[in-house]
Amino acid sequence: MPLVTSAELFKKAYGKYAVGAFNVNNMEIIQGIVEAAKEEQSPLILQVSAGARKYAKHIYLMKLVEAALEDTDLPICLHLDHGEDFEIAKSCIDGGFTSVMIDGSKLPFEENIALTKKVVEYAHANGVVVEAELGRLAGVEDDIKVSAKDSSYTDPDQAAEFVYKSGCDSLAIAIGTSHGAYKFKGDPSLDFARLETIAKLLPGFPLVLHGASTVLPEFVAKCNQFGGEIKGAQGVPEEMLFRTTTMGICKINIDTDLRLAMTASIREYMADHPGDFDPRQYLSPAREAIKNMVKHKIKSVLNSSNRI
Ligand code: G3H
Ligand code: 13P
Ligand code: ZN
């Protein structure tokens, strides 16, 4: 099966379940995610950040995803995560991605619309779809820190105007999630009333949640048990994320929880096998840890099992 666009996946998912968008950086991460989706018969979005492209190179990631397509019959979308300018979006569109995000969320409203519109025009002319963002999440992404006070929830009326004027195919909104491993000091929760209002103003339009890792305390503890000093604080509970999948959220982004699962596995393996130095020995359980985490998310957050 060739790569599909996220729009095709969202059409089937809207109001029933969400498609997991997992960040990929190397072969073991891709294999772990894809094996989980295959076992669960779940659609899938593999997403690549600017940092991942720099680390692994576009062509390597592209070829690994092509291998995943050949190896499975899964509907997979390959997506640019947090594209910050027209050039990176164009490069991913020209390089075979089926979906790109243009993240103008830090720009003034009208500039965000203008940039998104420019990407939409180029993407649509090439059969590619576009995710945009309005509102600002707290947390860390691509080494940029956004403090809680600089974050801002998405304004529902602005969201409707933004979609209408920019022509984007899906919209990431800020309703309480945040990026990275250190989420909130207090009790994290979601602004369901805001989500309901946005979904009412944009009927049938796919909405996206970033920063949806839960940072399960047992994984932070497991990472740190073997000498780590990762500072983690729990994110929005999985039951709350699950609820959004019937309210217009069609895509849920998860990266940090995979990083923690992989790191915990490698640290544990190294502690138990101090004499081993063959990367296959510690990367095999790490790949399995990714797979288990993705299976868990498919069942507990996305509700996307057996949707193929
Ligand atoms: O939201 C950002 C993702 O977690 C990607 O992180 O830019 O470090 O690859 P990265
Ligand atoms: P987390 O840091 O919560 O995993 O969020 C990932 C994300 O939003 C990628 O765009
Ligand atoms: Zn994000």
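The values are calculated or read from the model by the stated rules, or taken from the named source; none is laboratory data. From a predicted model like this one, the values you see are computed outputs, not experimental measurements. When we count neighbours, we look across all protein chains shown, and the Cβ atoms used for this are built from the backbone with ideal geometry, even at glycine. All accessible areas refer to the heavy atoms of the entire protein, side chains included, with ligands and DNA or RNA removed. Shrake-Rupley method; radii C 1.70, N 1.55, O 1.52, S 1.80 Å.
Is it fair to say Gly211 is touching a residue at least 40 places away in the same chain (Cβ under 8 Å), at positive phi and in contact with a His (Cβ under 6 Å, 6 or more places away or on another chain)?
For Gly211, the condition - touching a residue at least 40 places away in the same chain (Cβ under 8 Å), at positive phi and in contact with a His (Cβ under 6 Å, 6 or more places away or on another chain) - is met.
Any residue that is farther than 23 Å from Ala289 by Cα and either away from ligand 2 (no atom under 16 Å from the Cβ) or open to solvent by 30 Å² or more (accessible area, probe 1.4 Å) (or both) - is there at least one of those in segment 16-34?
Within segment 16-34, one or more residues are farther than 23 Å from Ala289 by Cα and either away from ligand 2 (no atom under 16 Å from the Cβ) or open to solvent by 30 Å² or more (accessible area, probe 1.4 Å) (or both).
Here is a yes/no grid of residues against (1) at pLDDT below 95; (2) open to solvent by less than 70 Å² (accessible area, probe 1.4 Å); (3) of a type in the set (Phe, Trp, Tyr):
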| site | (1), (2), (3) |
| --- | --- |
| Leu137 | yes, yes, no |
| Thr154 | no, yes, no |
| Leu171 | no, yes, no |
| Phe184 | yes, yes, yes |
| Asp187 | yes, no, no |
| Ala193 | no, yes, no |
| Leu201 | no, no, no |
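In the set Ala123, Ala89, which member is of a type in the set (Gly, Ala, Ser), buried (at least 20 other Cβ atoms within 10 Å of the Cβ) and within 17 Å of the chain's Cα centre (by Cα)?
Every option except Ala89 fails the conditions.
Which numbered condition in (1) closer than 27 Å to Glu288 by Cβ; (2) open to solvent by less than 50 Å² (accessible area, probe 1.4 Å) is the only one that Ala67 fails?
The failed condition is (2).
Report yes if some residue within segment 171-190 is away from ligand 3 (no atom under 16 Å from the Cβ) and under 15 Å from Ser105 (Cα atoms); otherwise report no.
Within segment 171-190 (the criterion being away from ligand 3 (no atom under 16 Å from the Cβ) and under 15 Å from Ser105 (Cα atoms)), the answer is no, since none of the residues qualifies.
Taking Lys231 and the conditions (1) in a loop (DSSP other than H, G, I, E, B); (2) surrounded by 15 or more Cβ atoms within 10 Å (Cβ to Cβ); (3) of a type in the set (Lys, Arg), which numbered condition does it fall short on, given that it satisfies the others?
Going through (1) in a loop (DSSP other than H, G, I, E, B); (2) surrounded by 15 or more Cβ atoms within 10 Å (Cβ to Cβ); (3) of a type in the set (Lys, Arg) one by one, Lys231 breaks only (2).
Is there a residue being open to solvent by 60 Å² or more (accessible area, probe 1.4 Å), within 17 Å of Ala36 (Cα to Cα) and among the β-branched types (Val, Ile, Thr) anywhere in segment 244-259?
No: segment 244-259 contains no residue that is open to solvent by 60 Å² or more (accessible area, probe 1.4 Å), within 17 Å of Ala36 (Cα to Cα) and among the β-branched types (Val, Ile, Thr).
Looking at segment 216-228, which of its residues are touching a helix residue (DSSP H, G or I) at 6+ places or on another chain (Cβ under 6 Å) and either open to solvent by less than 10 Å² (accessible area, probe 1.4 Å) or closer than 17 Å to Asp187 by Cα (or both)?
Within segment 216-228, Cys223 is the sole residue that qualifies.
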